[in-house]
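Participant: I have a structure here, written as structure tokens, and I will follow up with some questions on it.
The values are calculated or read from the model by the stated rules, or taken from the named source; none is laboratory data. This structure is a prediction, so every number in the text was calculated from the model and none was measured. Cβ atoms come from the backbone with ideal geometry, glycine included; neighbour counts cover every protein chain shown.
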Amino acid sequence: MTGADFVVRRAGLLVTMVPRGDDPLGRIRNGALAARAGRVVWIGPDADLERQVTLDGDSLDAQGACLLPGLVDAHTHPVFAGARADEFAERVSGVPYENQQSEGRGIMRTVAATRAADDDELLGLALRRVNRFLSHGTTTIEAKSGYGLDLENEAKSLRVLRRLPALAPLRIVPTFLGGHAVPTGLERSEYVRAVVEEMLPAFRGLARYCDVWCEKPAFTPGETRAILGRAKALGYRLRVHAAQLGPGEGPQIAAELGAASADHLEYSSPEQARALARAGTIAVLCPTASFTVPGSRRPPLEAFREAGVRMAVASDLNPGTANSESLTISMSLACIAWGMSPHEVLIGATMNAARSLGLEGSAGCLQMGSFADCALYDVEMPEEIPYYVGVNRVLATVAGGRVWAPA
């Protein structure tokens, strides 16, 4: 007998996301799951649970609902103050995104508001966002800094990320995004030097990844290589914002340096897709951000598929272009407007996203030894999740083998 301190019973369909035969989603009809100390210790038909598992703890009756692994959001910016709804209104009226990134607007507007907020204020704002992630079935996020842009304020954002898991059971993978923009009043070379020589060494214990936005409004290929090369030497894993607003070298830099992910990629080329595939770099696609920037191009999905690039789908929660904690909205948009299949977005929001965070086999799946992170959905089959556009079908979220309730 297997001992457990938590079980989910009577799932009409239990979706493991571990392929079984011809089923890439690994479904178990009338399934059940048992966990101990936050990890899955048994999974199988509900009819076998009582004969094989002894429970000393809590039980969740799924009542025939569909059980999936907790979603994994591989690109978010959850620590910020202020709002930019007026810029959203301008863009949908035809103002280009690039025109909003000057004179203290755009990213620098959020930087000013974030710098003005203290740790506790930022923590309270981020906690509300964390609870919204969990309410939508997301149990793991990659979380970037990037709205401080100096040693003191980037450290403040990373401290907030470190404090959040004690307040809510969202798994947070922290990323240092000092390479987000050059702050007002600093020479580019001066700021790049500060990132390379001061911030990267200081944040090794606070951030697991380093990210740079390699794009004309942000950092040049040379600056990107300098920051990421130093980060890699210091032991960071790498991520790259790349080819979002126009063609550029970002995707091949990601491949060259063995980055875990290259994100956005609307303007990447077939050659860059092949380089990403050879490097094993995950393409993290951000549909919500794309659709709030008029004129954005559809990513080259056919080139990714042909090259064998693994694709993840992310919310890109941020105050400028994607102010939403709903990963399922991004999944729906990717299907409806880009032509991704329901299977692609389901795998993209679980297994592939987890792989990009170094959590393959632990997050984004349900199997022996994985995190006991899952969500119950009011659907009969997982393909319905992106089909219900903008409707939250989550009945309950389980994180670490416990039913989540808002903090």
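Results for (1) in contact with a helix residue (DSSP H, G or I) (Cβ under 9 Å, 6 or more places away or on another chain); (2) in the same structural domain as THR288 (by TED's automatic domain parsing); (3) on the phi < 0 side of the Ramachandran plot; (4) loosely packed, with under 13 Cβ neighbours inside 10 Å, shown as yes or no for each residue.
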{"position": "ALA47", "(1), (2), (3), (4)": "no, no, yes, yes"}
{"position": "VAL53", "(1), (2), (3), (4)": "no, no, yes, no"}
{"position": "SER59", "(1), (2), (3), (4)": "no, no, yes, no"}
{"position": "ALA65", "(1), (2), (3), (4)": "no, no, yes, no"}
{"position": "THR76", "(1), (2), (3), (4)": "yes, yes, yes, no"}
{"position": "ALA83", "(1), (2), (3), (4)": "yes, yes, yes, no"}
{"position": "ASP86", "(1), (2), (3), (4)": "no, yes, yes, yes"}
{"position": "VAL92", "(1), (2), (3), (4)": "no, yes, yes, yes"}
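Participant: SER362: under 27 Å from ARG39 (Cβ atoms), surrounded by fewer than 23 Cβ atoms within 10 Å (Cβ to Cβ) and without any contact (Cβ under 8 Å) to a residue 60 or more places away in the chain, yes or no? Quick ask: steps written out before the conclusion?
Facilitator: Details: under 27 Å from ARG39 (Cβ atoms): yes; surrounded by fewer than 23 Cβ atoms within 10 Å (Cβ to Cβ): yes; without any contact (Cβ under 8 Å) to a residue 60 or more places away in the chain: yes.
Against the criterion (under 27 Å from ARG39 (Cβ atoms), surrounded by fewer than 23 Cβ atoms within 10 Å (Cβ to Cβ) and without any contact (Cβ under 8 Å) to a residue 60 or more places away in the chain), SER362 qualifies.
Participant: Just the residues that are of a type outside the set (S, T, N, Q), within 23 Å of ALA399 (Cβ to Cβ) and not in a strand (DSSP E or B), please, taken from the stretch 56-90.
Facilitator: Step one: list which residues in the stretch 56-90 are of a type outside the set (S, T, N, Q), which gives 56-58, 60-62, 64-75, 77-90.
From what's left, within 23 Å of ALA399 (Cβ to Cβ): 56-58, 60-62, 64-75, 77-79.
Of everything in the stretch 56-90, those that are of a type outside the set (S, T, N, Q), within 23 Å of ALA399 (Cβ to Cβ) and not in a strand (DSSP E or B) turn out to be ALA62, GLY64, ALA65, GLY70, HIS77, PRO78, VAL79.
Participant: Out of the residues in the stretch 281-310 meeting the condition of being part of a loop (DSSP other than H, G, I, E, B) and touching a Lys or Arg at 6+ places or on another chain (Cβ under 8 Å), tell me which one is modelled with the highest pLDDT.
Facilitator: Restricting attention to the stretch 281-310, the residues satisfying the condition of being part of a loop (DSSP other than H, G, I, E, B) are 281, 286, 292-300, 308-310.
From what is left, the residues that are touching a Lys or Arg at 6+ places or on another chain (Cβ under 8 Å) are 292-294, 310.
Values: THR292: 80, VAL293: 79, PRO294: 76, ARG310: 98.
Only one residue tops the list, namely ARG310.
Participant: For the stretch 144-157, name all the residues that are surrounded by 24 or more Cβ atoms within 10 Å (Cβ to Cβ) and either among the aliphatic types (A, V, I, L, M) or not assigned by TED's automatic domain parsing to the domain that holds PRO201 (or both).
Facilitator: Kept after step one, since they are surrounded by 24 or more Cβ atoms within 10 Å (Cβ to Cβ), are these residues of the stretch 144-157: 144-149, 154, 157.
Selection gives LEU149 alone.
Participant: Next question, about the same structure. Are there helices (runs of 4 or more DSSP H) fully within the stretch 323-385 with at least 2 residues that are at pLDDT below 95 and more than 18 Å from the chain's Cα centre (by Cα)? List them.
Facilitator: On the way: elements: 327-338, 342-348, 351-356.
Passing ranges: none, list empty.
Participant: Continuing with the same structure: Output the residues belonging to the stretch 125-143 that are aliphatic (A, V, I, L, M) and either outside the structural domain of ASN318 (by TED's automatic domain parsing) or in a helix (DSSP H, G or I) (or both).
Facilitator: Of the residues in the stretch 125-143, the ones aliphatic (A, V, I, L, M) are 125-127, 130, 134, 141, 143.
Within the stretch 125-143, LEU125, ALA126, LEU127, VAL130, LEU134 meet the criteria.
Participant: Of ALA181, ALA207, ALA262, ALA273, which residue is assigned to a strand (DSSP E or B) and touching a Pro at 6+ places or on another chain (Cβ under 9 Å)? Step through it out loud before you land on a result.
Facilitator: On the way: ALA181 fails: assigned to a strand (DSSP E or B); ALA207 fails: assigned to a strand (DSSP E or B); ALA273 fails: assigned to a strand (DSSP E or B).
Testing whether each residue is assigned to a strand (DSSP E or B) and touching a Pro at 6+ places or on another chain (Cβ under 9 Å) leaves just ALA262.
Participant: For residues in the stretch 297-317 being under 17 Å from the mean Cα position of the chain (by Cα) and buried (at least 24 other Cβ atoms within 10 Å of the Cβ), which is farthest from ALA277 (Cα to Cα)? If you could, list the steps in order and put the result at the bottom.
Facilitator: At the first step, the residues of the stretch 297-317 found to be under 17 Å from the mean Cα position of the chain (by Cα) are 310-317.
Still in the running and buried (at least 24 other Cβ atoms within 10 Å of the Cβ): 312-317.
On the way: ALA312: 13, VAL313: 17, ALA314: 19, SER315: 23, ASP316: 22, LEU317: 26 Å.
The selected residue is LEU317.
Participant: Same structure again: Has the stretch 77-100 got any residue that is among the β-branched types (Val, Ile, Thr) and at pLDDT 95 or above? Outline the logic, then answer.
Facilitator: Initially, the stretch 77-100 is screened for residues among the β-branched types (Val, Ile, Thr), giving 79, 92, 95.
Filter again for at pLDDT 95 or above, leaving 79.
Yes, the stretch 77-100 has at least one match.
Participant: Taking the criterion of being free of Cβ contacts under 8 Å to residues at least 40 places away in the same chain, assigned by TED's automatic domain parsing to the domain that holds THR350, over 23 Å from PRO342 (Cβ atoms) and buried (at least 23 other Cβ atoms within 10 Å of the Cβ), would at least one residue in the stretch 278-290 satisfy it?
Facilitator: Taking every residue of the stretch 278-290 in turn, at least one turns out to be free of Cβ contacts under 8 Å to residues at least 40 places away in the same chain, assigned by TED's automatic domain parsing to the domain that holds THR350, over 23 Å from PRO342 (Cβ atoms) and buried (at least 23 other Cβ atoms within 10 Å of the Cβ).
Participant: Moving on. Given the structure, is PHE176 closer than 18 Å to CYS210 by Cα, crowded, with 24+ Cβ neighbours inside 10 Å and among the hydrophobic types (A, V, I, L, M, F, W, C)?
Facilitator: yes
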